[in-house]
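All of the numbers you see were taken from the coordinates with simple rules; none came from a lab. If you're wondering where the values come from, they're calculated on a predicted model, not measured in any experiment. Quick reminder, even Gly has a Cβ in these numbers, built from the backbone with ideal geometry, and neighbours come from all protein chains shown.
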Amino acid sequence: MSKVITIALYHRDFVSDWTYNVEAATIADLAEEISAELADAGVAVRFSREEDISVEIKGYGDILNSIRLRSSEGGNPCLGHVIGESPECDLPEDIRRGVKRLAFAPETIVPDAEHRKTCHNCGCGC
């Protein structure tokens, strides 16, 4: 494979009444599925569960921050940084979109210096 992207899932610490079901096994299965889809394009997708790093979750944007997309060329950006706003708050679709953007259009990812905050209308109250 010419490019390897790792989907890293950090520990999530829900600090409000708002919750979102995130299953590591589901994301691992999704990584295998995306890897099979992108294999002909030379992209392999892996999954890594990293419980030693914890992210406080107050809303959907924090869910996106708890997932990192790693590659040798793209560094270690969080999913939210890669995709920006999530119109549907559909995590599997957001992961799929982020992996494809990192694999095929990394130049479209906003530079780190932008420090933007995005509301995902998830009901968290931000």
Here segment 82-98 yields Karplus 3J(HN,Hα) values (6.51, -1.76, 1.60; θ = phi - 60°; whole Hz; Gly and Pro given as x) of 6, 9, x, 6, 10, x, 10, 6, 10, 4, x, 5, 5, 5, 4, 5, x
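For the chain, how big is Rg over Rh, using alpha carbon atoms and the Kirkwood form of Rh? Display every interim value, and only then the final one.
Working: Rg = 14.0 Å, Rh = 14.7 Å.
Result for the chain is an Rg/Rh of 0.95.
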Return the Cα extents of segment 39-91 along principal axes one, two and three, sorted largest first, each rounded to a whole Å.
-> 37, 30, 17
Treating the angle as unsigned and between 0 and 90°, give the value, to the nearest 10°, between the Cα long axis of helix 24-38 and the longest Cα principal axis of the chain.
-> 30 degrees
For residue 47, which sequence-distant residues (separation of 5 or more, or a different chain) have an amide H within less than 5 Å of its own amide H, given hydrogens modelled in the peptide plane?
-> 7
Within segment 46-105, list the GluC sites (Glu not before Pro) lying in a DSSP loop whose Cβ has at most 16 other Cβ atoms in a 10 Å radius.
-> 73, 85, 88
Computed [θ] at 222 nm, helices only, for the chain once each DSSP H run of length n ≥ 4 contributes -39500 (n - 2.57) | -9500 deg cm²/dmol
Taking the alpha-carbon centre of each part, the distance from segment 47-81 to segment 85-101 in Å is 13 Å
Would you grab the residues whose amide H sits under 5 Å from the one on residue 14? Only those 5+ places off in sequence or on another chain, please, with H modelled 1.01 Å from N.
-> 57
